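J.: Take a look at this one; I'll ask things after.
The values are calculated or read from the model by the stated rules, or taken from the named source; none is laboratory data. Keep in mind that this is a model prediction, so the values were computed, not measured. Glycine also receives a Cβ, built like all others from the backbone with ideal geometry; neighbour counts cover every protein chain displayed. Heavy atoms of the whole protein, side chains included, go into the accessibility calculation; ligands, DNA and RNA do not. Shrake-Rupley method; radii C 1.70, N 1.55, O 1.52, S 1.80 Å.
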Amino acid sequence: ALTSLAVLDITANNTDSMPPGLPALINLKMASNSIMALPDSLEAFKQLHALDLSGNALELLPPCISCLTLLSSLSLQNNLLRGLPDAFGELGAMVQLDLSVNALELLPLCITKLTKLEHLDVSCNALQQLPTAMSELIRLTCLDSSRNQLQFLPPSVAALMGLQRLDLRMNCLRYLPDSFCKLGRLDWLDLSSNHLEYLPLGFGALSSLRHLDLHSNQLALLPLSLGLLSCLEWADLSCNSLKNLPPSVGELGRLEHLRLNSNLFQALPKEMADLTGLRTLFVSCEALRCMPGDAELRVLRHLKNLYVFDQSTPDDMFVTVDDDDDE
C-alpha cells in the first residue's frame, strides 16, 4: 500500500528498530528514538538518499552500511559512536555528514575516502587531532570541529582549498601551521576559546574572510598582514593579552563590527580613524582615552553603537551610545 512512499518521518516515536524497507523510499527520518543497533542487512534501504538517525543510542554501525551507495546526507548526531567500520568509506555519494556529539577520539580514516563530501560536522567529540589524509576531502566547503581537544592542525589542511566555513572554537590549539594561510576561500572562521599565542605572519592571505572570531585566546600581538583582510566585516579580538594593534588595522575598509574589550591595551593606533565603515565598537575606556584626540573623534563620528568597558571594576561595566546620524 505504501510502495510509492518517498519520504518517511518517524521522529520521536520511541521506536527501537528500523521500519520495513519500502521500494521508493529516498528520505528516512528516525531522529530521537531508541535505536541501539542497525539490522545486519540494509539491502531494503539501498535506494535511500538521506537518512537521519540523530538522537539515538548507536554505539556501532554494521559493515553492511556500505550498501547505501546512493546516500548523500547522513546524520548520526548525538549517539554513542566510538568509531566507524572501514566499509563506511564506500559511501561514495556522501555530500553531508554529521557525526557531532558522539564519543570519537580519532577521526576514522575511512571518512577521508568520501571525496564528494562538502559538509562535515565532527563537533562535540573527544578528537585530539585531525588526520593528515583530510587533504583528500578537496570538495569540503564547511568543516565544524569545534568543542574537541585538538592540539594542532596538520599542515596538509592547506589542501582543503575549497573550504569556506571553518569552526575550531573550544579546542586546545596553541598555534596554526603556516600552510593554514593557503585557505584563501575561507569566508567564516571561528578560533575562539583556544590557547593561541600568535598567528602566522601570512595570516592576511586569508583575503576572503568576512567573519573572524579570536576571542578568549592568549594572543599578545597580531601580524602586520592583518590589514590585508580586505573583506573583513566582523572581528572579535576580545579576551586576549593584546597591548596594541598593528597600524595596518586602518586598512580594513569594510570592517563594521569590532570587539577589543578585555585586553591590555594602553592605546589604540591613530589609523583606526580610517575605519569609516565601523558601526559597532567594544573597547575599554583606558584604550579609548589614549587615542590621539582628533583620531578618537573621527572614530566615534561614524559609530552606531559604542560599548565602553571599565576594566578597573571587578565586573565589566558598559554604556551604549546609539546614534542614527552618521555625522
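J.: Please verify whether the range 241-253 includes one or more residues that are of a type in the set (A, V, I, L, M, F, W, C), closer than 21 Å to residue 202 by Cα, over 23 Å from the mean Cα position of the chain (by Cα) and in a helix (DSSP H, G or I). Show your work before the answer.
T.: Here is the first cut: in the range 241-253, the residues of a type in the set (A, V, I, L, M, F, W, C) are 242, 245, 249, 252.
In the following step, the residues that additionally are closer than 21 Å to residue 202 by Cα were identified as 242, 245, 249, 252.
Among the residues that remain, those that are also over 23 Å from the mean Cα position of the chain (by Cα) are: 242, 245, 249.
Then drop every residue that is not in a helix (DSSP H, G or I), which leaves 249.
Yes, the conditions are met somewhere in the range 241-253.
Residue-by-condition table, conditions (1) over 23 Å from residue 228 (Cβ atoms); (2) open to solvent by 60 Å² or more (accessible area, probe 1.4 Å); (3) assigned to a helix (DSSP H, G or I):
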site: 258; (1), (2), (3): no, no, no
site: 268; (1), (2), (3): no, no, no
site: 278; (1), (2), (3): no, no, no
site: 281; (1), (2), (3): no, no, no
site: 287; (1), (2), (3): yes, no, yes
site: 291; (1), (2), (3): yes, no, no
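J.: At least 2 residues that are crowded, with 21+ Cβ neighbours inside 10 Å in each: list the strands (runs of 3 or more DSSP E) lying fully within the range 37-109 that qualify.
T.: Working: elements: 50-52, 73-75, 96-98.
Correct list: 73-75, 96-98.
J.: Open to solvent by 30 Å² or more (accessible area, probe 1.4 Å), out of contact with any Ser or Thr (no Cβ under 9 Å at 6 or more places or on another chain) and either on the phi < 0 side of the Ramachandran plot or at pLDDT 95 or above (or both), is that true of residue 311?
T.: Working: open to solvent by 30 Å² or more (accessible area, probe 1.4 Å): yes; out of contact with any Ser or Thr (no Cβ under 9 Å at 6 or more places or on another chain): no; either on the phi < 0 side of the Ramachandran plot or at pLDDT 95 or above (or both): yes.
So residue 311 does not fit the description; no.
J.: Separate question: Take the residues of the range 155-211 that are assigned to a loop (DSSP other than H, G, I, E, B) and among the aromatic types (Phe, Trp, Tyr): which is most open to solvent (accessible area, probe 1.4 Å)? Reasoning before the result, please.
T.: Restricting attention to the range 155-211, the residues satisfying the condition of being assigned to a loop (DSSP other than H, G, I, E, B) are 160-164, 168-177, 183-187, 191-202, 206-210.
Narrowing further to those that are among the aromatic types (Phe, Trp, Tyr): 175, 198.
Details: 175: 94, 198: 111 Å².
Among those that are assigned to a loop (DSSP other than H, G, I, E, B) and among the aromatic types (Phe, Trp, Tyr), it is 198.
J.: State which residue is modelled with the highest pLDDT when the search covers only the range 256-279 and only residues that are basic (Lys, Arg) and over 15 Å from residue 213 (Cβ atoms).
T.: The first filter runs over the range 256-279 and keeps only residues basic (Lys, Arg), leaving 259, 270, 279.
Pick out the ones that are also over 15 Å from residue 213 (Cβ atoms) and you get 270, 279.
On the way: 270: 86, 279: 94.
Here the answer is 279.
J.: Please go through the range 142-154 and pick out each residue that is without any contact (Cβ under 8 Å) to a residue 40 or more places away in the chain and either in a helix (DSSP H, G or I) or touching a strand residue (DSSP E or B) at 6+ places or on another chain (Cβ under 8 Å) (or both).
T.: Taking the range 142-154 as the starting set, the residues that turn out to be without any contact (Cβ under 8 Å) to a residue 40 or more places away in the chain are 142-143, 145, 147-154.
Those that are without any contact (Cβ under 8 Å) to a residue 40 or more places away in the chain and either in a helix (DSSP H, G or I) or touching a strand residue (DSSP E or B) at 6+ places or on another chain (Cβ under 8 Å) (or both): 142, 143, 145.
J.: Which pairs turn up if I take residues in the range 270-293 that are polar (S, T, N, Q) and look for partners that are crowded, with 21+ Cβ neighbours inside 10 Å and in a loop (DSSP other than H, G, I, E, B) with beta carbon separation below 6 Å, at least 6 apart in sequence or on another chain?
T.: Pairs found: 284/261.
J.: Restricting the search to the range 17-36, which residues are open to solvent by 70 Å² or more (accessible area, probe 1.4 Å) and more than 33 Å from the chain's Cα centre (by Cα)?
T.: 20, 23
J.: Now for a separate question. Show the residue pairs that are 6+ apart or on different chains and have beta-carbon atoms under 6 Å apart, the first residue being within the range 14-42 and farther than 18 Å from residue 57 by Cβ and without any contact (Cβ under 8 Å) to a residue 60 or more places away in the chain, the second being among the hydroxyl-bearing types (Ser, Thr, Tyr) and open to solvent by 40 Å² or more (accessible area, probe 1.4 Å).
T.: Hits for this filter: 23/3; 24/4.
J.: Among what's in the range 212-255 and is charged (D, E, K, R) and at pLDDT 95 or above, pick the residue that is surrounded by the fewest Cβ atoms within 10 Å (Cβ to Cβ).
T.: Among those residues, the one meeting the criterion is 254.
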